[in-house]
Amino acid sequence: MATTATILHADLDAFYASVEQLLDPSLRGKPIAVGGGVVLAASYEAKAFGIRSGMSGRQARELCPQLAFVGGHFKDYQRLGDAAIKVIGDFTPLVERISIDEAFADVAGCTHLFGTPAEIAATIRRRVRTELGLPISVGVARTKHLAKIASQVAKPDGLVVVDPDTELEFLHELTVELMWGVGPVTKARLAAIGVSTIGQLAKTPGWSLERLLGPAAGEKLAALAWNRDPRRLKPHRRARSAGAQSALGRKPAVARVIRPTLFHLADRIATRLRAKSRPGRTVTVRVRFADLSSVTRSVTLDAPICATVILAELAEELVRAALADHPDEKTISLLAISVSHLEEHWDLDMELPLGLGDEARRPGSRKGLARWAADCAIDKIRDRFGWDAIGYGSAVLGLSRSVPDDFRKLAERDL
């Protein structure tokens with residue numbers, strides 16, 4: 001592990017809302033939200049009223065009657081996000097982009113050209129503000145985990161450099177929700193045993209964390225609480241999974257809601273997998289309920305898949321199994337699908353017609369090949385005439401898209 005703080009984490013502040021305020025100066029200093037039925041992003045002025053991403057538009061307006069909703073300029077988000085990452089790349093080739101608006105960078109090898117890591121971070125912030133007109137926060141530390149936490153502490157529009165000699169003192173005073181992997185559910189579980197700060201987490205016995213969170217999560221969080229994070233930057237890392245999710249607000253857990261939503265998600269994911277010839281073997285679904293608790297279910301297949309209908313059918317079975325295990329939950333707020341264990345090099349293997357019960361879901365069977373052929377025909381039409389030129393009826397009927405697909409695509413990593 002490095003002994004000096006040379007890892008930067010740069011994160012554009014309230015990115016989507018900041019872009020809207022940049023494009024329309026009349027919105028500056030005002031509470032705004034990108035979206036409509038659902039809040040996709042909120043400015044800091046709106047966050048001060050308690051407005052957050054994923055909140056319904058009705059609830060957001062109740063919290064802040066003067067809130068202004070804007071539709072979103074997706075091409076500008078992509079253009080300006082790319083431009084900000086390019087500024088970071090002017091200082092080092094070791095840049096790991098993790099989303100449209102944030103990236104890690106290792107500047108250990110370029111300090112003789114551009115100054116100390118703190119000076120490089122300050123220059124990046126100044127250039128992004130001057131050249132793009134956007135605020136950006138940067139954290140500098142020895143590890144990726146601590147650099148990301150530092151950038152969160154620096155928000156909005158700030159710079160925090162963590163001295164290696166005082167990093168544990170800095171880290172242990174912070175709240176646990178700043179850590180990677182600590183969401184609302186994990187935070188609540190830790191609070192139940194009196195753990196609210198990273199310092200308290202660090203002092204919690206490992207066996208207690210493993211019993212509370214499971215062996216893998218408990219061990220990981222214990223290590224991060226002591227800033228043990230050996231991960232290196234991976235500038236050209238290929239994604240290990242492909243996923244998509246749909247925030248539903250509050251909808252009944254019934255087929256007319258579940259089926260079209262899952263089919264639409266499967267369509268988006270499978271299209272990406274086919275485009276890169278990277279089918280996957282493990283399908284995972286996540287169901288979030290009205291109280292924001294969630295459950296996941298997964299299945300690992302004998303053969304990798306990337307057919308839309310097959311993925312949609314498997315996802316629906318998994319969701320139904322999850323709901324059957326929670327019969328008291330009648331309302332859902334989010335559905336998500338991900339496909340992992342992706343193939344690096346793949347050829348479709350033909351299968352003999354053995355009359356198996358799952359033949360339609362086996363990619364190399366006659367029925368599987370027919371589904372593959374239909375997918376390929378749809379892909380060609382979309383490549384020529386656009387995504388909306390053709391689609392699957394099951395993905396459209398009864399589906400109300402509160403989150404535009406253009407917005408979702410911004411969060412999809414390249415396979």
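Do we find a residue being part of a loop (DSSP other than H, G, I, E, B), open to solvent by 30 Å² or more (accessible area, probe 1.4 Å) and modelled with pLDDT of 90 or more anywhere in region 329-336? Please lay out each step first, then the result.
Filtering region 329-336 down to residues part of a loop (DSSP other than H, G, I, E, B) leaves 329-330.
Now drop any that are not open to solvent by 30 Å² or more (accessible area, probe 1.4 Å), which leaves 329-330.
Keeping just the survivors that are modelled with pLDDT of 90 or more gives 329-330.
For region 329-336, residues part of a loop (DSSP other than H, G, I, E, B), open to solvent by 30 Å² or more (accessible area, probe 1.4 Å) and modelled with pLDDT of 90 or more: present.
For region 192-227, filtered to residues that are in a loop (DSSP other than H, G, I, E, B) and closer than 16 Å to LEU178 by Cα, the residue that is most open to solvent (accessible area, probe 1.4 Å) is TRP226. Taking the criterion of being closer than 28 Å to PRO184 by Cα and either without any contact (Cβ under 8 Å) to a residue 12 or more places away in the chain or not in a loop (DSSP other than H, G, I, E, B) (or both), the residues of region 86-110 that qualify are GLU96, ARG97, ILE98, SER99, GLU102, ALA103, PHE104.
So, in region 116-157, how many residues would count as being in a loop (DSSP other than H, G, I, E, B) and closer than 17 Å to VAL87 by Cβ?
4
Before we move on, is SER99 out of contact with any helix residue (DSSP H, G or I) (no Cβ under 7 Å at 6 or more places or on another chain), of a type in the set (Ser, Thr, Tyr) and open to solvent by 40 Å² or more (accessible area, probe 1.4 Å)? So SER99 does not fit the description; no.
Just checking: which of the strands (runs of 3 or more DSSP E) contained wholly in region 1-85 hold 3 or more residues that are open to solvent by 20 Å² or more (accessible area, probe 1.4 Å)?
Qualifying strands (runs of 3 or more DSSP E): 68-70.
Among the residues of region 269-300 satisfying the criterion of being over 14 Å from HIS326 (Cβ atoms) and without any contact (Cβ under 8 Å) to a residue 60 or more places away in the chain, which is nearest to the chain's Cα centre (by Cα)? Here the residue is THR284.
For every residue, the table says whether it meets (1) of a type in the set (Asp, Glu); (2) over 24 Å from the mean Cα position of the chain (by Cα); (3) on the phi < 0 side of the Ramachandran plot.
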{"residue": "ASP13", "(1), (2), (3)": "yes, no, yes"}
{"residue": "ALA41", "(1), (2), (3)": "no, no, yes"}
{"residue": "ARG52", "(1), (2), (3)": "no, no, yes"}
{"residue": "SER56", "(1), (2), (3)": "no, no, yes"}
{"residue": "VAL70", "(1), (2), (3)": "no, no, yes"}
{"residue": "VAL87", "(1), (2), (3)": "no, no, yes"}
{"residue": "LEU94", "(1), (2), (3)": "no, no, yes"}
{"residue": "LEU113", "(1), (2), (3)": "no, yes, yes"}
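Anything in region 158-171 that is outside any helix (DSSP H, G or I) and open to solvent by less than 60 Å² (accessible area, probe 1.4 Å)? List them, or say none.
So in region 158-171, the residues outside any helix (DSSP H, G or I) come out as 158-163.
If the condition is that a residue be outside any helix (DSSP H, G or I) and open to solvent by less than 60 Å² (accessible area, probe 1.4 Å), then GLY158, VAL160, VAL162 are the ones that fit.
The residues of region 40-81 include none that are over 21 Å from LEU292 (Cα atoms), modelled with pLDDT under 90 and among the aliphatic types (A, V, I, L, M).
Number of residues in region 1-39 that are in contact with a helix residue (DSSP H, G or I) (Cβ under 8 Å, 6 or more places away or on another chain) and of a type in the set (Ser, Thr, Tyr) equals 4. Tallying residues that are open to solvent by 30 Å² or more (accessible area, probe 1.4 Å), assigned to a helix (DSSP H, G or I) and small (Gly, Ala, Ser) within region 265-298 yields 1.
The values are calculated or read from the model by the stated rules, or taken from the named source; none is laboratory data. These figures come from a predicted structure and were not determined experimentally. Please note: Cβ atoms are built from the backbone with ideal geometry, for glycine as well, and neighbour counts cover all protein chains shown. Side chains included, ligands, DNA and RNA excluded: accessible areas come from the protein's heavy atoms. Shrake-Rupley method; radii C 1.70, N 1.55, O 1.52, S 1.80 Å.
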